[in-house]
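The values are calculated or read from the model by the stated rules, or taken from the named source; none is laboratory data. In this text the structure is predicted, and so the values were computed from the model without any measurement. All Cβ positions, glycine included, derive from the backbone under ideal geometry; neighbour counts span all protein chains shown.
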Amino acid sequence: MSYDTIIRGGLCFDGTGAQPAVRDLGILDGRVAAVSATPLEAGPTTEVVEAAGRWVMPGMVDIHTHYDVEVLEGPGLPESLRHGVTTLLLGSCSLSTVHVDPVDAGDLFGRVEAIPRQHVIGALQRIREAGEGWDGASSYVEALERRPLGPNLAAFVGHSDLRAAVMGLDRATRKEVRPARAEQARMEQLLGEALDAGFVGMSAQQLLFDKLDGDLCRSRTLPSTYAKGREMRPLRSILRRRGRVLQAGPDASHPHTIVTQALGSIGWGRRKALRTSLLSAADIKAIPFIIHLMNLLGGVVNRLGADFRWQHLPVPFEVYADGIDLVIFEEFGSGATALHLQEQAAREELFRSEEYRRAFRKDYESTYGPRVWHRDFFDAEIVACPDSSVVGKSFGQVGLERGGLHPVDAFLDLVIEHGTAMRWRTTISNHRPRILQKMAQSPHVQMGFSDAGAHLRNMAFYNFGLRLLKHVRDADRAGRPFLTVAQAVHRVTGELADFYDIDAGHLRVGDRADVLVVDPERLDATPADPVTRQRLAGVQAQRAAQSRAFFARHADDLARHQDLIAEHDQYAEQACELLDRAANNREPGERRGIALEIGPGEGRFLAPLASRFERVLALDNAEVMLARARERVAGQGLDNVELVLGEWPEHGALLPRVDAVVVNMVLHHLPSPSAALEAAARQLNEGGVLVITDLCRHNQRWAVDACGDFWLGFEEADLVSWAGRAGLVLRESLFLAMRNGFQVQVRSFQRVTAHPSKREQSGNE
């Protein structure tokens, strides 16, 4: 047989969760024609893709996007394709452009999804003027299929779209108005027509901080939020009978709506279960226990006969904001008041009002009721600002530096001073790796909620699937697996395709040939562009200078502060044990080779190194710390220790190759930990060992000021990943509980001639 394309020698995952195997994949006419354990023969016109050492898997499925407008003028959707997504769903959160006119679409999408209102209106108007528009679901599908699409598309029809088109946007967003009988019948008819046209289901929304843009109905909630049970029941019944999906967003301020949506999925007697995808299972900082209740609820209703899934973003939910422009402020009164104002001058006048500030402080400090944002301005880092003195600080820190201002006042002052030129970030959910791992294992959640196409300056999770694969691989390398690679592939491909009943997500003979080839060694390793690299270099230089200044200022009390986190003797003893086991052929008391300690501080670890190595080098960037180390070295008579003033990794080129590198509680002080590990690997002789002690990831930000930390510890998998890229292999890991809730990881890595064969490459996960 002659093939259009052969993908040769890759580790093939079929998307079902089955174990992978090295195979040749033959593709003909857009379908998988062969999956062969023996090499396939290429014809004269066959394109051959060499995939040895790569993962060959189905293209990923993105179940939650807001590309409804972007697809009209940029149908290639390259950002999703770039991150391995070959099938995606439009029409999430009750929003679609199937039935509403351009102006109403602008009001629906503009503020909720942070897509400029005029852009939405202009795009839809240009489509109509070009004669490429539509008048219903069927012609909408035809219009999209005429465009040069990049990924494959499926879609929900939005309930807000239906409601606004049938009732008018004004009537559809009034509490006292209910659809007339004819209007209800028309919505049911339009839903049926959409399902006939191939739509996967309907999306609805009850979340009350999703607000309309424009002038007519500004700051009212989405039309779908005004629907009552009498309106929803017939629509849900249609979906149930037709075996289609309801995507729903409950009102988080009224938890009973969550339970109602979950129970509504249950099939009783002859009634089918209603396939339901609910937004969203998130490990919210503000309510840390809620994620466990969500998972429990999913398990209960599914055991009772439901077909229910939570949507879950399998990565930290990090958001960026320009000034006050961020959707999380919609969830409380003073924030929504500010976002209601469109003119910057009006906002500034509001922010100067003491009455308004009192209201904002009250909302900020309120601990009652469900919420998404943790409302902690100490947990919010300024990343860009015309005033460079505040960059890298939290609003809480700025307030303290400005005479003890309340964090809210510090925030509002900076918004007045700099407006949207001040950019900041925080993580509102999915911050605990262990919980992310638990959710990734849960059968009651599905991987999604990327919001691709929306909130481009605030949040963008196009790469959630690749990051899940990286997380799985790194955890496996760290010796703490939570999913196999095959299971992870299934979760972002076949599992989703099967739930939404779409032709995607599998690589078997006869399946659509949507193929993704992944180099597992380069996950998340794409080099930054030159401008970004230059900026990073500047930030790192600035941080190095800050570090030197900190240690110079706090030399006298640093040890006392550090001991609040971890007592040196506890982890030093374990580090010595790992060093000894790495040199298993060395006799007790024998000194052999050269060791390098990066950041020796006061030199408390130099004596153990001097007793084990013929020569010990100690490099530190703070003269005051080296002076203290010299006193210790002289007092203990360590004549084989040399103290060197310099930066790491820049000074490494001036030092000899060594047999051991020790980095004791130093990485969290360095501007670029990954670069530090790469340099350490280059410094090692063949067979040399790197020993690291450092903090596990934590959220105790007081350590930044008290101890000069740049990093709040590290994920265990991060150290393994960085070391692996540098050619080091993990030998041993120890984890020690310390005081004040801190945990220390003690790790040893070895430089070997070549990487050992990966378990993935053998097909044994």
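Let's see how each residue does on (1) acidic (Asp, Glu); (2) at pLDDT 90 or above; (3) in contact with a His (Cβ under 9 Å, 6 or more places away or on another chain); (4) at negative phi:
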site: 548; (1), (2), (3), (4): no, no, no, yes
site: 551; (1), (2), (3), (4): no, no, yes, yes
site: 572; (1), (2), (3), (4): no, no, no, yes
site: 581; (1), (2), (3), (4): no, no, no, yes
site: 587; (1), (2), (3), (4): yes, no, no, yes
site: 619; (1), (2), (3), (4): no, yes, yes, yes
site: 623; (1), (2), (3), (4): yes, no, no, yes
site: 640; (1), (2), (3), (4): no, yes, no, yes
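Kindly establish whether residue 247 is polar (S, T, N, Q) and not in a helix (DSSP H, G or I). I'd like the intermediate steps shown before the answer.
Numbers: polar (S, T, N, Q): yes; not in a helix (DSSP H, G or I): yes.
Yes, satisfied.
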- Item | Close pairs (8 angstrom Cβ cut-off, 6 or more residues apart or separate chains): on the phi > 0 side of the Ramachandran plot in the stretch 722-736, surrounded by 17 or more Cβ atoms within 10 Å (Cβ to Cβ) and small (Gly, Ala, Ser) anywhere | 727/681
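Residues checked against (1) under 15 Å from residue 71 (Cβ atoms); (2) basic (Lys, Arg); (3) without any contact (Cβ under 8 Å) to a residue 24 or more places away in the chain:
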position	(1), (2), (3)
110	no, no, no
145	yes, no, yes
150	yes, no, no
164	no, no, no
167	no, no, no
172	no, no, no
181	no, yes, yes
- Query: Out of (1) among the charged types (D, E, K, R); (2) in contact (Cβ under 8 Å) with a residue 24 or more places away in the chain; (3) closer than 20 Å to residue 316 by Cα, what's the single condition that is false for residue 495?
  - Reply: (3)
- Query: Hey, which of the helices (runs of 4 or more DSSP H) in the stretch 457-505, taking only ones fully inside, have at least 2 residues that are aromatic (Phe, Trp, Tyr)?
  - Reply: 494-500
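Counting only residues that are aliphatic (A, V, I, L, M) and under 39 Å from the mean Cα position of the chain (by Cα), which one in the stretch 597-635 is surrounded by the most Cβ atoms within 10 Å (Cβ to Cβ)? Let's see the steps before the verdict.
Initially, the stretch 597-635 is screened for residues aliphatic (A, V, I, L, M), giving 598, 606-607, 609-610, 616-619, 622, 624-627, 629, 633-634.
Now drop any that are not under 39 Å from the mean Cα position of the chain (by Cα), which leaves 598, 618-619, 622, 625.
Values: 598: 25, 618: 27, 619: 22, 622: 21, 625: 23.
Here the answer is 618.
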- Tell me which of these residue 417 doesn't satisfy, since it passes every other one: (1) in contact (Cβ under 8 Å) with a residue 40 or more places away in the chain; (2) out of contact with any Cys (no Cβ under 8 Å at 6 or more places or on another chain). (1)
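Residue by residue, here is whether (1) surrounded by fewer than 24 Cβ atoms within 10 Å (Cβ to Cβ); (2) among the hydroxyl-bearing types (Ser, Thr, Tyr) holds:
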position: 11; (1), (2): no, no
position: 36; (1), (2): yes, yes
position: 55; (1), (2): yes, no
position: 58; (1), (2): no, no
position: 74; (1), (2): yes, no
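Between 306, 321, which is closer than 29 Å to residue 340 by Cα and at pLDDT 90 or above? Show your work before the answer.
Working: 306 fails: closer than 29 Å to residue 340 by Cα.
So the residue among 306, 321 that is closer than 29 Å to residue 340 by Cα and at pLDDT 90 or above is 321.
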- Inspect the stretch 28-40 for any residue being within 20 Å of residue 60 (Cα to Cα) and among the hydroxyl-bearing types (Ser, Thr, Tyr) and give the result as yes or no. no
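Take residue 486 and tell me if it is buried (at least 21 other Cβ atoms within 10 Å of the Cβ) and modelled with pLDDT of 95 or more.
Working: buried (at least 21 other Cβ atoms within 10 Å of the Cβ): yes; modelled with pLDDT of 95 or more: yes.
So residue 486 passes the test.
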